[in-house]
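Since the structure comes first, as structure tokens, the remarks are kept for the end.
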């Protein structure tokens, strides 16, 4: 390890994603970062994934294929073995874009003491072709509590910071990453880079809006849990309307994508009454909900288009391994 090339650990949690796994592995290895520690934690795949992993065994620091209790458990296994100064995880259907690790390390060097860096990420189809280029922003702890979502594949973290907050909570299954970002934001700074570092794959096997309720329940659980910390509770007391509106928008977007336009419209209007400034960012979705509720003849076509846009911006998350 050198000062200019500190060890970076990348963990790929994997389970029955043989169709995409090789693309993921190659995107990591093609970074050609000199101090890369690459770990693959497979959950006991039966679809040929293990054969793919074995082909790259000589370039891996460690791999295992055994049953686990889910994505968080798999990532935590990797974190327990990680020796890198910085760590990140890349799901087995996502890819890094060229130079991502170099840029992440350069950002940490530019902002010493940062807990986490992240960037924009493209959306790719099943064949790996780019289909959208959503952009994110510099989010504060308050933004995260208000359910502004970060593009997970682009995230790299200081390992010491991750260990200080005790890694991922395995009782979270939908918003495990967002829960971690919030805990990191409590103890250190987050830095956004307006570049594109990774691609998230949109495909039929990814978690989708049929699991809306799980996302919504965990969002509320995060707020309840964080309110137990005095510093966060104080922030919540200062901005109760923004946080409440954020939760209502978060649920309304899932309702809209789940073809429950009338309920979605109620949620958006409730957010508008609670905090007009926060709700202003979703006025197009509010109008779409109204159009669908009124059976506007073009509304379904518009919904299909905006559903894709919501996925691009990770309002509707696709969380797979």
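Here are the numbers:
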| item | result |
| --- | --- |
| Qualifying residue in region 85-102 (condition: assigned to a helix (DSSP H, G or I) and under 24 Å from residue 183 (Cβ atoms)) | yes |
| Those helices (runs of 4 or more DSSP H) lying entirely in region 1-84 with at least 1 residues without any contact (Cβ under 8 Å) to a residue 60 or more places away in the chain, in the same structural domain as residue 158 (by TED's automatic domain parsing) and farther than 27 Å from residue 174 by Cβ | 18-29, 49-55 |
| Per-region count, region 19-71, residues within 22 Å of the chain's Cα centre (by Cα) and more than 22 Å from residue 154 (Cα to Cα) | 3 |
| Yes/no for residue 32 being over 28 Å from residue 139 (Cα atoms) and at pLDDT 95 or above | no |
| Residue match in region 279-290 (condition: modelled with pLDDT of 90 or more, assigned to a helix (DSSP H, G or I) and either within 20 Å of the chain's Cα centre (by Cα) or surrounded by fewer than 18 Cβ atoms within 10 Å (Cβ to Cβ) (or both)) | no |
| From 98, 170, residue being farther than 24 Å from residue 195 by Cβ and either under 16 Å from the mean Cα position of the chain (by Cα) or in contact (Cβ under 8 Å) with a residue 60 or more places away in the chain (or both) | 170 |
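The values are calculated or read from the model by the stated rules, or taken from the named source; none is laboratory data. Owing to the predicted nature of the structure, the values given are computational and were not obtained by experimental measurement. Cβ: placed from backbone, ideal geometry, glycine included. Neighbour counts: every protein chain shown.
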